Amino acid sequence: MAWFRVQLTEDEQRVVNEERANHPNPQVRNKMLTIWLLHCGVTRQKAATIVGVGRATVQRYVEAYRRGGLDGLRRSNVVAKPVSELNAYRDIIRASFHEKPVCTIAEACARIEKLTGIRRGPTQVRKFLKGMGLKWQRVRAIPVPPKKTWPSTLKTKPSFSRPN
């Protein structure tokens, strides 16, 4: 199978030049730069090095351009990450934990369920709290040696006298 040579029309050249500099999505800017470099005669390997992606990625960009033109390059197959239901209660949870901190993750799970009615496991709660910027702080006693100058620690020694 022969390589697909990227040859842009005058209108496509104008659009690619504009979008490789000014498109709001940095991934689309990289795709447009890649297509522009290939149009100018740069090899796919060299274009991959310039843009900072792999040669296989350049090949996927070319295939997207071949199938859908510039609109095919603008499309993204990235699926949006799901948003936690607890996000709606972030302020309430943060205020509750600042008012009265919890000692364990199990206690945090119970408090979140009581505040929101949403039950989550320890791993999900730990991840959610870390995402909010809260962190677990270990509480322990700080050993302090007793002061020897306190009156309660000074015991008077009985004075013994020697009989003559």
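No value in this document is a laboratory result; all are computed from the given coordinates. None of the values given here were measured: they were computed from a predicted structure. We place every Cβ from the backbone using ideal geometry, glycine too, and count neighbours over all the protein chains shown.
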**Q.** Linear extension gain, Trp3 paired with Arg126, 0.36 nm per residue minus alpha-carbon span
**A.** 39.3 nm
**Q.** Neighbour net charge for Asn17 - beta-carbon separation under 14 angstrom, K R +1, D E -1
**A.** -1
Q) If you add up the charges near Ser96, with Lys and Arg at +1 and Asp and Glu at -1, over every other residue whose beta carbon is less than 13 angstrom from its beta carbon, what do you get? A) +1
Q.
Which aspartates and glutamates, if any, have their Cα less than 19 Å from the Cα of Lys31, not counting same-chain residues under 8 positions apart?
A. Glu10, Asp11, Glu12, Glu18, Glu19, Glu63, Asp71
**Q.** At q = 0.15 Å⁻¹, base-10 log of I(q)/I(0) for the chain (Debye sum, equal scatterers on each alpha carbon)
**A.** -0.83
Q. Given a Förster distance of 35 angstrom, what is the FRET efficiency for Thr104 paired with Arg75, based on the Cβ-Cβ distance and rounded to 0.05?
A. 0.15
Q: Work through the residues other than Ala64 whose Cβ is under 13 Å from its Cβ and net out their charges, Lys, Arg +1 and Asp, Glu -1.
A: +4
**Q.** Paramagnetic reach from Lys114 in the range 83-103 [backbone N under 15 Å; point 7 Å along Cα→Cβ]
**A.** 93-103
Q.
Order 55-61, 13-19 from most to least packed using the mean count of other Cβ atoms within 10 Å.
A. 55-61, 13-19
Q: Using just the helices of the chain, give the 222 nm mean residue ellipticity in deg cm²/dmol: DSSP H runs with n ≥ 4 each add -39,500 (n - 2.57), and the total is spread over all residues, rounded to 500.
A: -16500 deg cm²/dmol
Q) Tell me, what is the percent relative contact order of the chain, built from C-alpha pairs under 8 Å that lie six or more residues apart? A) 12
Q. Aspartates and glutamates within cross-link reach of Lys100: Cα-Cα under 20 Å, excluding same-chain residues under 8 positions apart?
A. Asp91, Glu113
Q: Compute the distance in nm between two label points, each set 7 Å from the Cα along the Cα-to-Cβ direction, one at Ser84 and one at Arg29.
A: 3.1
